Amino acid sequence: MTQTDSLATELGSLAVAPMSTAADARAFKDLNLEWITAFFTLEPADSVTLDNPQHIVDEGGQVLIARDGDRAVGCVALVPEGPGVFELSKMAVSPQFQGRGIGRILLRAAIGYAREQRATSIFLASNATLASAVHLYESLGFVHVPATELRPIPYDRADVFMRYDLTR
């Protein structure tokens, strides 16, 4: 079984699989620009990630794309941050598809990928304005931690910091 096969998740017409084409990279950027610019201001660190998501994969991480048929409707990235540690980053679901459980499916797929890589933890930085996302993270076992327990976060908007322990 290939890594792509082990990451594929199907639910009805929804499929989650690793980014594999330039169109996937564009969808990753577009989906994230949609929510970032709706709630916040695009920051330099956003552009670095969104302009070259292949860098995440090249460094040992993964970008997952959720599709409804041929349409990319969601995405999430796992950015390697050291031995056994990933940052959950740039999770987005198109507004027209929110409320259907796609975020939960993406998050479970990301956790599954981290487990396959024998990671010990995942961390994230978010914002309290994104209450639905924060609640989703909590519901799957992420716990709030002080920002000082994580590496420096390059986003001014970050005010929620969470970790998921993969050793439990």
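Couple of notes before you dig in:
- Considering only PRO44, LEU88, ALA27, and ranking their Cα positions along the charge dipole of the chain that arises from unit charges at the beta-carbon of Lys, Arg, Asp and Glu, the one farthest toward the positive end is LEU88.
- Within-10-Å neighbourhood charge of ILE56 [Cβ basis; K, R +1; D, E -1]: -2
- Ranking by accessible area, most exposed first, for MET19, MET162 with a 1.4 Å probe: MET19, MET162
- Exposure ranking of LYS90, LYS29 by accessible area [1.4 Å probe, largest first]: LYS29, LYS90
- Count Lys and Arg as plus one, Asp and Glu as minus one, and take only other residues whose Cβ is under 14 Å from that of LEU42; the net charge is then -3.
- Within the shell defined by Cβ-Cβ distances under 12 Å, the residues around LEU78 carry a net charge of -2, with Lys and Arg each +1 and Asp and Glu each -1.
- Structural descriptor for the chain: relative contact order 18 percent, calculated from alpha carbon pairs under 8 angstrom and at least 6 residues apart.
- Cα gyration tensor, the chain - rounded (a/c under 1.5), prolate or oblate: rounded
- Computed with every protein chain present, the accessible area of VAL48 is close to 110 Å² [probe 1.4 Å].
The values are calculated or read from the model by the stated rules, or taken from the named source; none is laboratory data. This one's a predicted model, so the numbers in the text were calculated from it and none came from an experiment. Here Cβ is always computed from backbone atoms with ideal geometry, including for glycine, and neighbour counts include all displayed protein chains. Just the protein is used for accessible areas: all its heavy atoms, side chains included, with ligands, DNA and RNA removed. Shrake-Rupley method; radii C 1.70, N 1.55, O 1.52, S 1.80 Å.
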